[in-house]
Amino acid sequence: MSVQNRAAQVSRLRRLKETLFGSTQAPFELPVVQACAFDTTKLAHTAGVSRLAELGRREVRELTPQTLSTTDDFYSEVRDALEHRALIWLIGPIDTEQLKELAGPLFDLFVNVGAQHSETQTVFGLRVSNVVHELLPDASFRAALEGMNATRTPHSLAHQIEAAGVKVFKRSLITRILKDPRFWVYAVVFVYSSLRALPVVFVPQFHGSVLVLWGIDVLTAIPYTWGILAMLTASRPLERYSGAIVALTTFMAPYVYFWVHGRGYPGSVIIIVGLMIAASIATEVWRGVQNTRLVKRYSASRNS
């Protein structure tokens, strides 16, 4: 295998991992995050997320004073942020008066997200969607967005941009699906779920319909896959709990039919259900520990 192919495979695996589990440590590679301490509640609220774990490589960007001071450069940065689904810019440490001079009328959109860093300087956050709302009436801003790739742009923002008369490019639905790593996870689990009924053909004690059992497998495959992914990767607790319930219910459904029309559950089912419940509990514990660590790390000034 060539070095180039190996690098491509590593890149795809990293993208799959970050798509499913996020890249919570990536923002700490940014100089602004390394240099400043944050008020984590304000940071999450400004970014529009419920948990710091939702902020990763794609979502957080650093905004330099040089970029902010040049209109064309700033518009280009906004376009790039929209094309890559960024949520928030961070700028700092910077003096409030200096930022006010650089940002001009946009200054009111900046939110002080810093803990006490020094007497004069702090770090500010700027939500991408707020900038778009503010600047869309500007013809020069709309011209800067003309022809942008809106494939990854949040639907509400892309719709607002198009409604303002900006022509954007979007990949076809099929292309977007095939390039989404989650599609392949769904596909693998769907195939597995669809084939679960086949071994029953060789079980003489089963007196039900293999076709009905297979139908149950197929109908529960997609919600089962969603449940597993939601249980392990969703950012909101309610969605994770719902995912666990859906995963358990859809996993057991074929075995309930098997039990009613045969000799009961295979012993492995009880073990797997127990493991799924344990995994759900472990996920919640891990999420709590992860968020606590992120709060401590964002709150700690690198220069103190």
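Quick note: the coordinates plus some simple rules give every number you see, no bench work behind them. All of these numbers come straight from a predicted model, not from anything done at the bench. Reconstructed Cβ throughout: ideal geometry from the backbone, glycine too, with neighbour counts over all protein chains shown.
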The relative contact order of the range 15-147, taking Cα pairs under 8 Å that sit 6 or more residues apart, comes to a percentage of 28 percent
In terms of the alpha carbon gyration tensor, root eigenvalues a ≥ b ≥ c, rounded if a/c is under 1.5 and otherwise prolate when a/b exceeds b/c or oblate, the range 24-119 is oblate
For the range 43-50, just list the computed ³J(HN,Hα) in residue order, Karplus coefficients 6.51, -1.76 and 1.60, θ = phi - 60°, integers in Hz, with x standing in for Gly and Pro.
4, 5, 5, 5, 6, x, 10, 8
How high is the relative contact order of the range 83-165, given as a whole-number percent (alpha carbon pairs under 8 Å, six or more residues apart)?
35 percent
Can you run phi through the Karplus equation (6.51, -1.76, 1.60; θ = phi - 60°) for the range 126-143 and list ³J(HN,Hα) in whole Hz, with x for Gly and Pro?
9, 7, 4, 4, 5, 5, 4, 4, 6, 9, 4, x, 7, 4, 5, 5, 4, 5
For labels at ILE245 and LYS296 in the simple 7 Å Cα→Cβ model, what's the distance in nm?
3.4 nm
Out of residues 5 or more away from PHE38 or on other chains, whose amide H comes under 5 Å of its own, with H placed 1.01 Å from N in the peptide plane?
ALA115, SER299, ALA300
If R0 is 51 Å, what FRET efficiency do you get for ASN112 and TRP259 from their C-beta distance, rounded to 0.05?
0.25
Karplus ³J(HN,Hα) for the range 145-158 (6.51 cos²θ - 1.76 cosθ + 1.60, θ = phi - 60°; Hz, whole; x = Gly/Pro) runs 8, 3, x, 5, 8, 9, 4, 9, 5, x, 4, 5, 5, 4
When you count, for each residue, the other Cβ atoms within 10 Å and take the mean per peptide, how do 152-161, 34-43 rank with the highest first?
34-43, 152-161
Could you tell me the calculated FRET efficiency between ALA35 and SER129, based on Cβ-Cβ distance and R0 = 25 angstrom, to the nearest 0.05?
0.45
